[in-house]
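Peer 1: One structure, pasted below without further comment.
The values are calculated or read from the model by the stated rules, or taken from the named source; none is laboratory data. Since this is a predicted model, take the numbers as computed values, not measurements. When we count neighbours, we look across all protein chains shown, and the Cβ atoms used for this are built from the backbone with ideal geometry, even at glycine. Note: accessible area is taken over every heavy atom of the protein model, side chains too, but ligands, DNA and RNA are not part of it. Shrake-Rupley method; radii C 1.70, N 1.55, O 1.52, S 1.80 Å.
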Amino acid sequence: MSIHSELTQYLSELRLPTIKKLYEPIARQAQSNSFTFEQYLYELAQKECEARRNNTIQRYLRQSQLPLEKTLETFDLKRLPLKLRQQFNALCDGSFIERKENVLAFGNPGSGKTHLLCALSHELVRRGQRVFFCKAPLLVQRLLNAKQELKLARVIKALSKFDALFIDDIGYVKHDRDEIEVLFTLLAERYERGSVLVTSNLPFSKWERIFKDPMTTAAAIDRLVHHCIVLELNLGSYRVEQAKSKSSARDTSKNL
Ligand code: ADP
Ligand code: MG
């Protein structure tokens, strides 16, 4: 067997696909640039680590179920007041996740809550943190199905592998007892164990509409706010604003 095919086999066995793919072209580069042995090995090790990191991030992104287009690149941060922008920038370093803190975004429909927390989540995934995005009604439905199949504990455990659980539009949960109970169980299980990101059109004072009775509401709020960062988006609807600016641009061009 030639050294080439044996080496290829060793590299497969060691699960080093990038080195396997690149050791020959990089060897040629090394020769023409007079790399030291260490430099050559460094190049290969670096490329392997880089590819692994990228693969992990791609996997985390798929698992996150985040809407792909709602990133920081497509979000107009200038629309946010300075304080909110600063809060957002501070969150992007991901340290709140290590502290198991929650993030709650409140504001009118269309103010950009979902997009803002999705942009944050994308930044976290890019840093190698695991986020799971789910719209509240769908999440509750999944938990209910799991409960019926006596798998609720298992599903909640599966969700615990994520560093942050993003529950979008928590106000849109339907209102029957079972739904509230599973959502509450999830929040109670996650309390101080992992971050929760929540968006809601309803301020806390109206959360009785979500959790129905005052005791459950108070307990749910208590768990969420104990360690949390609140983002208040007291802004108008982005879409309405866009539509208005488009129509006024049209009017201006008509008048020209
Ligand atoms: P909310 O969750 O508060 O109801 P969304 O995040 O769904 O609002 O925003 C409504 C629409 O406006 C979405 O299509 C979103 O991408 C867009 N949008 C909102 N705020 C911004 C912004 N600052 N920059 C770019 N797009 C935005
Ligand atoms: Mg939303």
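Peer 1: Can you tally the net charge around Leu16? Count Lys and Arg as +1, Asp and Glu as -1, for every other residue whose Cβ sits under 11 Å from the Cβ of Leu16.
Peer 2: After counting each charged neighbour, the total is +3.
Peer 1: Rolling a 1.4 angstrom probe over the protein heavy atoms, how many square angstrom per residue are accessible across segment 173-240?
Peer 2: Accessible surface, normalised per residue, equals 52 Å².
Peer 1: When the chain is treated as a GNM, springs tying every alpha-carbon pair under 10 Å, which of Ser34, Ser205, Ser111 comes out with the largest mean-square fluctuation?
Peer 2: Ser34
Peer 1: Related question: Cut-off 10 angstrom, C-alpha nodes, Gaussian network model of the chain. Which of Glu208, Glu24, Glu192 fluctuates the most?
Peer 2: Glu24
Peer 1: Let me ask something else. Within 13 Å, Cβ to Cβ, of Asp168, how many net charges do the neighbouring residues add up to if Lys/Arg are +1 and Asp/Glu are -1?
Peer 2: After counting each charged neighbour, the total is +2.
Peer 1: Here's something else I'd like to know. Go through segment 176-209 and name the trypsin sites (Lys or Arg not before Pro) that are in a DSSP coil and have 16 or fewer other Cβ atoms within 10 Å of their Cβ.
Peer 2: Taking segment 176-209 and a limit of 16 other Cβ atoms within 10 Å, the loop trypsin sites (Lys or Arg not before Pro) found are Arg193.
Peer 1: Which trypsin sites (Lys or Arg not before Pro) does segment 1-68 hold that lie in a coil by DSSP with at most 14 other beta carbons within 10 Å?
Peer 2: Details: sites: Arg15, Lys20, Lys21, Arg28, Lys47, Arg52, Arg53, Arg59, Arg62; in loops: Arg15.
Answer in residue order: Arg15.
Peer 1: Looking at Ile57, Ala146, Leu235, which one has the Cα that reaches farthest to the positive end of the dipole of the chain (charges on Cβ: Lys, Arg +1; Asp, Glu -1)?
Peer 2: Positive-end residue among those listed: Leu235.
Peer 1: Enumerate by residue number the chymotrypsin sites (Phe, Trp or Tyr not before Pro) in segment 34-78 meeting two conditions: DSSP loop (anything except H, G, I, E, B), and at most 16 other Cβ atoms within 10 Å of the site's Cβ.
Peer 2: Those that pass, being in a loop and sparsely packed, are Phe35.
Peer 1: Moving to a separate point now. Across 10 Å bins from 0, what is the distribution of all Cα-Cα pair distances for the chain, in whole percents?
Peer 2: With 10 Å bins starting at 0, P(r) equals 6, 24, 25, 17, 13, 10, 4, 0, 0.
Peer 1: May I ask you to give the percent of accessible area on the chain that is carbon plus sulfur, with a probe radius of 1.4 Å? All intermediate terms of the calculation are to be shown ahead of the outcome.
Peer 2: Working: 8260 of 15250 Å².
Of the solvent-accessible surface of the chain, carbon and sulfur hold 54 percent.
Peer 1: Quick check on segment 61-109: take the gyration tensor over C-alpha atoms, sort the square-rooted eigenvalues as a ≥ b ≥ c, and tell me if it's rounded (a/c under 1.5), prolate or oblate.
Peer 2: The shape class here is oblate.
Peer 1: Rounded to the nearest 500, what is the chain's calculated 222 nm mean residue ellipticity when only DSSP H runs of at least 4 contribute -39500 (n - 2.57) each, over all residues? Mind showing how you got there, number by number?
Peer 2: Details: 12 runs with 152 residues, N = 256.
Only helices count here, giving -18500 deg cm²/dmol.
Peer 1: Once phi is turned into ³J(HN,Hα) by the Karplus curve 6.51 cos²θ - 1.76 cosθ + 1.60 with θ = phi - 60°, what whole-Hz value does each residue of segment 158-170 show in order, with x for glycine and proline?
Peer 2: 3J(HN,Hα) across segment 158-170, in whole Hz: 4, 6, 6, 6, 8, 5, 9, 10, 9, 9, 8, 6, 5.
Peer 1: Could you check the simple spin-label distance between Glu73 and Ala188, using points 7 Å along Cα→Cβ, in nm with one decimal?
Peer 2: Going from the Glu73 label point to the Ala188 one covers 4.4 nm.
Peer 1: With charges set only on the Cβ (+1 for Lys and Arg, -1 for Asp and Glu), what does the dipole of segment 44-123 come to about its Cα centre, in debye to the nearest 20?
Peer 2: The calculated dipole for segment 44-123 is roughly 120 debye.
Peer 1: Find the accessible area per residue for segment 4-144; the probe is 1.4 Å, ligands and nucleic acids are left out, and the unit is Å².
Peer 2: Roughly 58 Å² per residue, with all protein chains present.
Peer 1: Roughly how far apart, in whole Å, are the Cα centres of segment 39-96 and segment 143-191?
Peer 2: Each part reduced to its Cα centre gives a spacing of 26 Å.
Peer 1: Sticking with this structure for a sec: Roughly how tilted is helix 3-13, in degrees to the nearest 10 and between 0 and 90, from the longest Cα axis of the chain?
Peer 2: For helix 3-13, the angle is close to 20 degrees.
Peer 1: Taking amide hydrogens as modeled 1.01 Å from N in the peptide plane, which residues meet the under 5 Å criterion relative to Leu231, leaving out close sequence neighbours?
Peer 2: Leu104, Ala105, Phe106
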